[in-house]
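Asker: Before we start, here is the structure in question, set down as structure tokens.
The values are calculated or read from the model by the stated rules, or taken from the named source; none is laboratory data. Since we're looking at a predicted model, the values are computed, not measured. Neighbour counts run over all protein chains shown; Cβ positions are idealised from the backbone, glycine included. Surface areas here come from the heavy atoms of the whole protein model, side chains and all, with no ligands, DNA or RNA. Shrake-Rupley method; radii C 1.70, N 1.55, O 1.52, S 1.80 Å.
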Amino acid sequence: GFLVSLRRRFPGVIAPDGEASYLHGTTGDLLAKIEAPVFGGHLRMLGYDNENAINTAAVVTDADTSHASVPRNTFDWHKPSIGAEWSRPAGRAALRVRAWNASADAGSAWAGDSGSMGLASERRDLGISAAMEHPLAGATVVAGLRVERSWTAYDVGAAGDDGMSSQHDGTTWITTPFLQYARVLGGASTLELGASVPVSGSRLYPAPQ
């Protein structure tokens with residue numbers, strides 16, 4: 001099966017002429033999903049994209065001021081992401097593999113008395129995980145491994161002038177083995193135990209559950 005959804009909006013498209021205080025811009029999103037049998041298992045994929053750009057007058061104006069001559073404060077953000085999961089039975093057990101690429105970027109330009117200042121940020125997350133689920137004496141045990149890479153960057157400075165900007169970025173790798181145990185107690189209660197140990201650089205971060 002599959003699903004596709006698309007939406008688009010245009011804030012301020014019917015704003016009165018000569019009135020610069022109305023919000024203007026575009027906003028929209030796209031959602032797509034597909035499921036299919038692949039390599040003896042079941043594949044699910046999900047993609048999402050969201051984009052927004054909004055601007056408004058940076059100063060108070062009167063009705064005679066030309067809309068084109070009014071400085072604008074602008075804000076925009078964009079968030080494309082895609083993920084996939086493949087699973088298949090393996091005897092009494094079940095194998096599940098997941099992968100994802102999630103990202104986001106945002107920026108703004110602020111029109112001040114001394115000029116326009118800009119702020120931009122960006123983040124990219126990549127990851128993959130593999131887990132095996134197995135029944136054990138009336139309970140379910142899940143063991144797996146997850147690897148993630150996260151990159152973040154910031155840029156602050158005079159809008160449109162790269163020579164005066166301040167840029168910072170960094171990358172973090174995280175490797176996480178995990179183990180989960182679940183058992184139904186009677187008809188209305190479930191006991192769940194688990195633990196994961198994220199490893200980043202030379203540091204361990206135990207996380208019992």
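Asker: Could you tell me how many of the residues in region 114-150 are open to solvent by 60 Å² or more (accessible area, probe 1.4 Å) and of a type in the set (A, V, I, L, M, F, W, C)?
Answerer: Count: 8.
Asker: List pairs: first residue in region 193-209 and among the hydroxyl-bearing types (Ser, Thr, Tyr), second residue surrounded by 14 or more Cβ atoms within 10 Å (Cβ to Cβ) and not in a strand (DSSP E or B) anywhere in the structure, Cβ distance under 9 angstrom, at least six positions apart or on different chains.
Answerer: As it stands, the answer is Tyr205/Val197; Tyr205/Pro198, since those pairs meet every condition given.
Asker: If you don't mind, there's one more thing I want to ask. Going by what's in this entry, would Tyr181 be described as in contact (Cβ under 8 Å) with a residue 40 or more places away in the chain and touching an Asp or Glu at 6+ places or on another chain (Cβ under 8 Å)?
Answerer: It is true that Tyr181 is in contact (Cβ under 8 Å) with a residue 40 or more places away in the chain and touching an Asp or Glu at 6+ places or on another chain (Cβ under 8 Å).
Asker: Within region 123-146, is there a residue that is assigned to a strand (DSSP E or B) and within 30 Å of Ala58 (Cβ to Cβ)? So that I can check it myself, show each step before the final result.
Answerer: Residues of region 123-146 that are assigned to a strand (DSSP E or B), as a first pass: 123-136, 139-146.
Now drop any that are not within 30 Å of Ala58 (Cβ to Cβ), which leaves 123.
Scanning region 123-146, I find at least one residue that is assigned to a strand (DSSP E or B) and within 30 Å of Ala58 (Cβ to Cβ), so the answer is yes.
Asker: Looking at region 149-196 only, could you name the residues that are modelled with pLDDT under 90 and polar (S, T, N, Q)?
Answerer: Ser165, Ser166, Gln167
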